[in-house]
């Protein structure tokens, strides 16, 4: 796979996930309407149009209950998969460990142990929205000449948010993180947009975040606040696959630092556990010095510093 | 100085425009409607929310439910709704408003719940009758049209999945009588009652 196609592939995966988050509630709503009252009773015109299309494409196929819900908790071919944050929150709030619940997070857990925060970079629908938001932000900055601030916070904040959320869950016995965790919120709001009259307070939260990141701080949530990102970072701190810099090839242009969505510096090995393995730096490296490699990075920093001095 | 001011104006202007656009999206649509009214009338901590069938006790439910709404997705009649503002910390949890749509006791939701917040219940009449208890049925005889003698109605009797056991009607004036112990609290009677005489009372936080 060439370097540029990796990004195309990633975009494809992201849009596919986002598309299915919208499509699955629509499909189940279609199934429900078909099995209970028939499509005649659908009142809303936009739903009626969608169902008309479904009728033509998969007409009468009412047994499509293979996949359910959003990325927060899915059922693929009868096997439950849950976000590790959901499981952590469940364990802390109930103060018990339920083996079945734990089992349902085993697949994301294995992926995280090997690839790190791969969920954030490749699947998370909120990350998908925010990447487009960041594009809009740079468009406004470059083309419209707006001076947008980029307030920098500490990356440690997100571990604090995760800790506080879990602590409060233990104290009150109520799961609190699902209320603010964007992938869960997005799934819920889209589902309620489809099946009921409208979205709720969660949609307001997402819109506020979009506005905040657009005007005040680039990728604020993912970098500094997200409790899910914090958990994935912690779980993936001993990741096997990592982006590594081949210092012999690197010309020290630090383009990777500019393009990194999370503001990391892969050329100088400052990726740590925050990296989402999205591969944007890998695709944009002009000298093809950055590579995905198994094992820990060993970068000769002195050699790099010498190179950086050259034009 | 001049540039900064222009930037500031641009920023606030676009913020205001964005806010206006967003509020336009929500304006005029019945976003909350009946639900909000119901919830404003009985605040969450006083009355609680009516949980789907198979729900564990409210305190445990709040700790077990991960708010994924898969129960709402499989509900064949769209009875399960998502709690929103006004339900405070229960935000995102599933609940039923029987006045809008009662539960048809298909037990789909109990089968898909990944967390054990809804315990699995077989789709069998006897099992359902033994295990399911959504809430407590309350009949206000001062409003019921059969009891007040306005007209013979018996709509609740015909809607009830366990009619004759949970709701009985007595000839000749067809006055309904509810049996709290045989009632599963599905709320189908509340849905059809034109007078609002029947209400399913949620267990709430207080009841174990």
Study note, to complete from the structure: If we ask which residues in the stretch B:76-101 are on the phi < 0 side of the Ramachandran plot and more than 7 Å from chain A (Cβ to nearest Cβ), their number turns out to be 14
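Scanning for something in contact with a helix residue (DSSP H, G or I) (Cβ under 7 Å, 6 or more places away or on another chain), surrounded by 15 or more Cβ atoms within 10 Å (Cβ to Cβ), at pLDDT 90 or above and outside any loop (DSSP other than H, G, I, E, B), does the stretch B:129-137 turn up at least one residue?
Scanning the stretch B:129-137, I find no residue that is in contact with a helix residue (DSSP H, G or I) (Cβ under 7 Å, 6 or more places away or on another chain), surrounded by 15 or more Cβ atoms within 10 Å (Cβ to Cβ), at pLDDT 90 or above and outside any loop (DSSP other than H, G, I, E, B), so the answer is no.
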Check your understanding: So is residue B:194 exposed (fewer than 15 other Cβ atoms within 10 Å of the Cβ), in contact (Cβ under 8 Å) with a residue 40 or more places away in the chain and out of contact with any strand residue (DSSP E or B) (no Cβ under 9 Å at 6 or more places or on another chain) or not?
Key -> yes
Check your understanding: If we keep just the residues of the stretch B:55-75 that are under 20 Å from residue A:191 (Cβ atoms) and not in a helix (DSSP H, G or I), which is farthest from the other protein chains (Cβ to nearest Cβ)?
Key -> B:55
Review point. Going by the conditions given, is residue A:185 closer than 25 Å to residue A:75 by Cα and touching a helix residue (DSSP H, G or I) at 6+ places or on another chain (Cβ under 9 Å)?
Key: yes
**Study point:** Of all residues making up the stretch A:117-146, the number that are assigned to a loop (DSSP other than H, G, I, E, B) and under 8 Å from the mean Cα position of the chain (by Cα)
**Key:** 2
Study note, to complete from the structure: Considering the stretch B:169-190, residues that are within 23 Å of residue B:95 (Cα to Cα) and touching a helix residue (DSSP H, G or I) at 6+ places or on another chain (Cβ under 7 Å), and then whichever is surrounded by the fewest Cβ atoms within 10 Å (Cβ to Cβ), we arrive at B:184
Check your understanding: With respect to the numbered conditions (1) surrounded by fewer than 17 Cβ atoms within 10 Å (Cβ to Cβ); (2) away from chain A (no Cβ under 14 Å); (3) modelled with pLDDT under 90, which one is the sole condition not fulfilled by residue B:158?
Key -> (3)
Review point. Within the stretch A:184-221, can you find the residues that are outside any helix (DSSP H, G or I) and within 7 Å of chain B (Cβ to nearest Cβ)?
Key: A:196, A:197, A:198, A:200
Point to revise | For residue A:112: the one exception among (1) buried (at least 20 other Cβ atoms within 10 Å of the Cβ); (2) over 19 Å from the mean Cα position of the chain (by Cα); (3) touching a residue at least 24 places away in the same chain (Cβ under 8 Å) | key: (2)
**Study point:** Pairs, first touching a residue at least 24 places away in the same chain (Cβ under 8 Å) in the stretch B:142-166, second part of a helix (DSSP H, G or I), C-beta under 6 Å, six or more apart
**Key:** B:153/B:145; B:153/B:146; B:155/B:192; B:156/B:189; B:159/B:188; B:159/B:189; B:159/B:192; B:160/B:189
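The values are calculated or read from the model by the stated rules, or taken from the named source; none is laboratory data. As the structure is a computational prediction, the values presented were derived from the model and not from experiment. Every residue, glycine among them, receives a Cβ derived from its backbone with ideal geometry; neighbour counts consider all protein chains shown.
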